[in-house]
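Q: I have a structure here, written as structure tokens, and I will follow up with some questions on it.
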Amino acid sequence: MSFDWWTLSLQTINVIVLIWLLQRFFWRPVASIIAERRALADKTLADIKAESSKAAADLADIAATRAGFAAERAAILTAARADAAKSRAAQLAEAATQAAALEATAKARIAAEGDADAKAWGQRSADLGVDIARRLAARLDGPQVRAVFLDWLVAAIAALPEATRQAARAKTIPFDAVSATALDPAEQAHASEAIGAAFGGAVAVTYSIDPALIAGLELRGDHLIVGNSWQADLLKIQAELQHDRHG
Amino acid sequence: MISPLASTPLFYLGPVPITSGVATTWGIMLALTLGSVLVTRHLTLAPSKTQTVFELLVETVDTQIRETMAVPPEPYRAFIGTLFVFIFVANWCSLIPGVEPPTAHLETDAALALLVFLAVIRFGIRAGGLGGYLKTFATPSPIMIPLNIIESITRTFSLFIRLFGNVMSGVFMIAIVLSLAGLFVPVPLMALDMLIGAIQAYIFAVLAMVFISGAVGTEQPATAPPALLTRKGAP
């Protein structure tokens, strides 16, 4: 048996070189790809864990959001109810105000219409009364009635102020004595005499007819009119009635 | 008659004789290197079946280092893994007709054991410094220093003698049976020789890990094969 030291040296070097070669071309590349795959797997697992955590967090957020939805819904409902109650109260108040205004307006209109109706009915009543009185008075025309109206005319002239009567005496234009029916000459003479006496002196008097007087005897001059007829009385009564109704 | 244990030079490079073991080693180196280049040329994250096999080899070596030495495998992967692969391929070279395993020659096994001896020193110093490495000789007691020094040398001898004895005996046995019984009779013995070659490669690598682990100062893990430690003197 022999031992070759050259061979020992060569084999030692050969194995060292082989260790280096395999380290360079086999162990390191394969270990690198394994490490790379492991790192990728770890990263994938980490990503999955992160995604899982994120999903869990998202679920928690969704749950919180859903809980918030319920609270928000309750708050919105409460606010809506409050708004509705407020709006209803406002609408009721406005409706009450409008109803009060409409009621006041209606009352005022009803009152105005009542007044207008009352006025119209009063007017018609007065007109009817005057018409009735006119028709009744028209039946009373006669010598006795004309005499009474002459007396009332004389009394009215006598009641005039003295200055008025004096101015009437001084006038040259004759007074017009108007009657509803024609006076006969005797009545005219008697009337002229009585009127002159009432004025305190002779005055010129002409006579005319106005059926609108119904009955009576009126004296009309340039600046003086003495009303003395049913027509004048009725107009006076009608005016008083209207005045009383308006008052 | 030439001893079958002698290494016959094939040729000379100057004064250096090139034996068949060296030439076979060069062939193994070339084949392993080219194979490595071919395998690692198209590594992908989605591995092919071939890539998966070689990744399994790397993972197995890493697992063995981790379980035997209880240290991260990166610094030791290339050394331990290459020892195992080289011895494994060298032992199985006998399957090729006319090729004699380099590990059947004492020089190759001695070279491997010498590398383990040097690696123990290198990794021990790198792990704990020179002082830390020398302290490992004083465990468990300074009285043990001479014995530990002798042990570090004798275990190196036992390491390469074991490998040499197993491989060489297998080659001899097959050669003798082949010369006596004809062509197909040695086949079962060759299969046994393959098994022995694989086991010896594993034993050599594990013992290298155990020796380095002792120098590095890591605790001996429970997974270390205790039978291998108690049979250090046996072939």
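The values are calculated or read from the model by the stated rules, or taken from the named source; none is laboratory data. Worth saying up front: this structure is predicted, and the values here are computed from it rather than measured. Every residue, glycine among them, receives a Cβ derived from its backbone with ideal geometry; neighbour counts consider all protein chains shown. With ligands, DNA and RNA removed, areas are computed over all heavy atoms of the protein, side chains included. Shrake-Rupley method; radii C 1.70, N 1.55, O 1.52, S 1.80 Å.
Q: Could you please let me know if residue B:14 is at pLDDT 90 or above and out of contact with any strand residue (DSSP E or B) (no Cβ under 8 Å at 6 or more places or on another chain)?
A: No; evaluated as a whole, the condition is false for this residue.
Q: Just checking, which of A:172, A:164, A:97 is modelled with pLDDT of 85 or more, over 27 Å from residue A:214 (Cα atoms) and of a type in the set (Val, Ile, Thr)?
A: A:97
Q: If you don't mind, another one. Before we move on, is residue B:72 over 19 Å from the mean Cα position of the chain (by Cα), at pLDDT below 90 and either over 24 Å from residue A:25 (Cα atoms) or within 14 Å of chain A (Cβ to nearest Cβ) (or both)?
A: The answer is no for residue B:72.
Q: Now a separate question. For the stretch B:122-132, state whether one or more residues are under 18 Å from the mean Cα position of the chain (by Cα) and in contact (Cβ under 8 Å) with a residue 60 or more places away in the chain.
A: yes
Q: Sort out which residues of the stretch A:143-158 are surrounded by 11 or more Cβ atoms within 10 Å (Cβ to Cβ) and of a type outside the set (Val, Ile, Thr), and write them in order of number.
A: Of everything in the stretch A:143-158, those that are surrounded by 11 or more Cβ atoms within 10 Å (Cβ to Cβ) and of a type outside the set (Val, Ile, Thr) turn out to be A:143, A:146, A:147, A:149, A:150, A:151, A:152, A:153, A:155, A:156, A:158.
Q: Would you check if residue A:7 is of a type in the set (S, T, N, Q), in contact with a Pro (Cβ under 9 Å, 6 or more places away or on another chain) and closer than 30 Å to residue B:107 by Cβ?
A: Considered against the rule, which asks whether it is of a type in the set (S, T, N, Q), in contact with a Pro (Cβ under 9 Å, 6 or more places away or on another chain) and closer than 30 Å to residue B:107 by Cβ, residue A:7 comes out as yes.
Q: Moving on. Consider the stretch B:44-88. How many of its residues are open to solvent by less than 40 Å² (accessible area, probe 1.4 Å) and of a type in the set (A, V, I, L, M)?
A: Qualifying residue count, the stretch B:44-88: 10.
Q: Please enumerate the residues belonging to the stretch B:16-30 that are within 9 Å of chain A (Cβ to nearest Cβ) and free of Cβ contacts under 8 Å to residues at least 12 places away in the same chain.
A: B:16, B:17, B:18, B:26, B:29
Q: Let me ask you something else. All but one of (1) open to solvent by less than 30 Å² (accessible area, probe 1.4 Å); (2) farther than 16 Å from residue A:229 by Cβ; (3) among the hydrophobic types (A, V, I, L, M, F, W, C); (4) not in a helix (DSSP H, G or I) hold for residue A:178, so report the exception by its number.
A: Of (1) open to solvent by less than 30 Å² (accessible area, probe 1.4 Å); (2) farther than 16 Å from residue A:229 by Cβ; (3) among the hydrophobic types (A, V, I, L, M, F, W, C); (4) not in a helix (DSSP H, G or I), only one is false for residue A:178: (2).
Q: For the condition at the interface with chain B (Cβ under 7 Å from one of its Cβ atoms) and open to solvent by 70 Å² or more (accessible area, probe 1.4 Å), what is the one hit in A:20, A:6, A:27?
A: A:6
Q: Please indicate, with yes or no, whether at least one residue in the stretch B:1-10 is in contact (Cβ under 8 Å) with a residue 40 or more places away in the chain and more than 7 Å from chain A (Cβ to nearest Cβ).
A: Yes.
Q: Criterion first (more than 22 Å from residue B:80 (Cβ to Cβ), in contact with a helix residue (DSSP H, G or I) (Cβ under 7 Å, 6 or more places away or on another chain), at the interface with chain A (Cβ under 7 Å from one of its Cβ atoms) and not hydrophobic (A, V, I, L, M, F, W, C)) does residue B:33 satisfy it?
A: no
Q: Now, a different point. What is the residue count in the stretch A:53-81 for residues that are open to solvent by 70 Å² or more (accessible area, probe 1.4 Å) and within 30 Å of residue B:45 (Cβ to Cβ)?
A: Count: 2.
Q: Tell me yes or no: at least one residue of the stretch A:139-153 is in a helix (DSSP H, G or I), touching a Pro at 6+ places or on another chain (Cβ under 8 Å) and at negative phi.
A: no
Q: Here's a follow-up. From B:8, B:60, which residue is of a type in the set (Val, Ile, Thr) and at pLDDT 90 or above?
A: B:60
Q: A further question follows. Just to be sure I understand, how many residues within the stretch A:188-233 are under 20 Å from residue A:157 (Cα atoms) and in a helix (DSSP H, G or I)?
A: Qualifying residue count, the stretch A:188-233: 17.
Q: For residue B:213, are the conditions met, namely being free of Cβ contacts under 8 Å to residues at least 40 places away in the same chain and either among the charged types (D, E, K, R) or open to solvent by less than 60 Å² (accessible area, probe 1.4 Å) (or both)?
A: Against the criterion (free of Cβ contacts under 8 Å to residues at least 40 places away in the same chain and either among the charged types (D, E, K, R) or open to solvent by less than 60 Å² (accessible area, probe 1.4 Å) (or both)), residue B:213 does not qualify.
Q: Next question. Identify all residues within the stretch A:1-60 that are among the polar types (S, T, N, Q) and either closer than 26 Å to residue B:122 by Cα or touching a residue at least 60 places away in the same chain (Cβ under 8 Å) (or both); write none if there are none.
A: Scanning the stretch A:1-60 gives A:7, A:9, A:11, A:12, A:14, A:23, A:32.
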